[in-house]
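Below is one structure; the comments refer to it alone.
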Amino acid sequence: MAVQSSDAPPPQDILPQTAAAIRDGEVAPADTHAGTEAGHESGGGLPQFEFQWWAGQIFWLLIIFAVLYLLLSKVFLPRLRRVKDERAGTIAAAVETARQVQAEAASQAEIAKAEVEQARAASRATAAAAKARVTETANARAAEEEAVVNARIAEAEAAIGKTRDAAMSNVSSIASDTTRAIVEKLTGKAATAAETDAAIKGAA
């Protein structure tokens, strides 16, 4: 087992001495890398937490932040804003189209309702006109039939009157003959026609 010489600097002093040697141009970068590795192997610390590396880290952090800022402000955010605007425009157009369709549907419904009402009114008017025509035709036909019936009744009454008059004349002649026969049989003398007629009229 090798014993470390007492003249060697401690591990925590390697990095500052190496950084100073690089600034003075006394040590090459390869030697610096080797010294850094030796310091890491001996000390085991993280260089990100050492003060002498903060300037470089801050520099690169600023560069990375600037690059990310430019990418976000010039590339990603405009695209997201454009997509958002397109989506909002699409939604607004769809809502406007839906409103227009709803308005057109409402107007079409009103037109259809008005047409239905007109059709109902026309059908009622047609039914009323047809009923009036049918009633008028029926009344005219009834009047015609009543006139025909009245004419037939009048003809029948005239025929009955003639028949009655003829029958009554026959009855009068029969009664006159019968009366003369009875008078002649009772009295033995024939009665004249004037006496027979006077007797019949007096009996009537």
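The values are calculated or read from the model by the stated rules, or taken from the named source; none is laboratory data. Note that this is a predicted model, so its numbers are computed, not measured. Glycine gets a Cβ as well: all are built from the backbone with ideal geometry, and neighbour counts include every protein chain shown. Accessible surface areas use protein heavy atoms only, side chains included; no ligands, DNA or RNA. Shrake-Rupley method; radii C 1.70, N 1.55, O 1.52, S 1.80 Å.
Scanning for something assigned to a helix (DSSP H, G or I), loosely packed, with under 10 Cβ neighbours inside 10 Å and either at pLDDT below 90 or at positive phi (or both), does the range 174-185 turn up at least one residue? First the steps, then the outcome.
Looking only at the range 174-185, we keep the residues that are assigned to a helix (DSSP H, G or I), and these are 174-185.
With loosely packed, with under 10 Cβ neighbours inside 10 Å added as a condition, the list becomes 185.
Next, only the ones that are either at pLDDT below 90 or at positive phi (or both) stay: 185.
Within the range 174-185, one or more residues are assigned to a helix (DSSP H, G or I), loosely packed, with under 10 Cβ neighbours inside 10 Å and either at pLDDT below 90 or at positive phi (or both).
For beta carbons closer than 7 Å, sequence separation of 6+ or different chains, a first residue in the range 159-173 that is at pLDDT 75 or above and a second that is surrounded by 10 or more Cβ atoms within 10 Å (Cβ to Cβ) and not small (G, A, S), there are no qualifying pairs. Restricting the search to the range 53-89, which residues are polar (S, T, N, Q) and either open to solvent by 90 Å² or more (accessible area, probe 1.4 Å) or not in a helix (DSSP H, G or I) (or both)? Passing the criteria: none in range.
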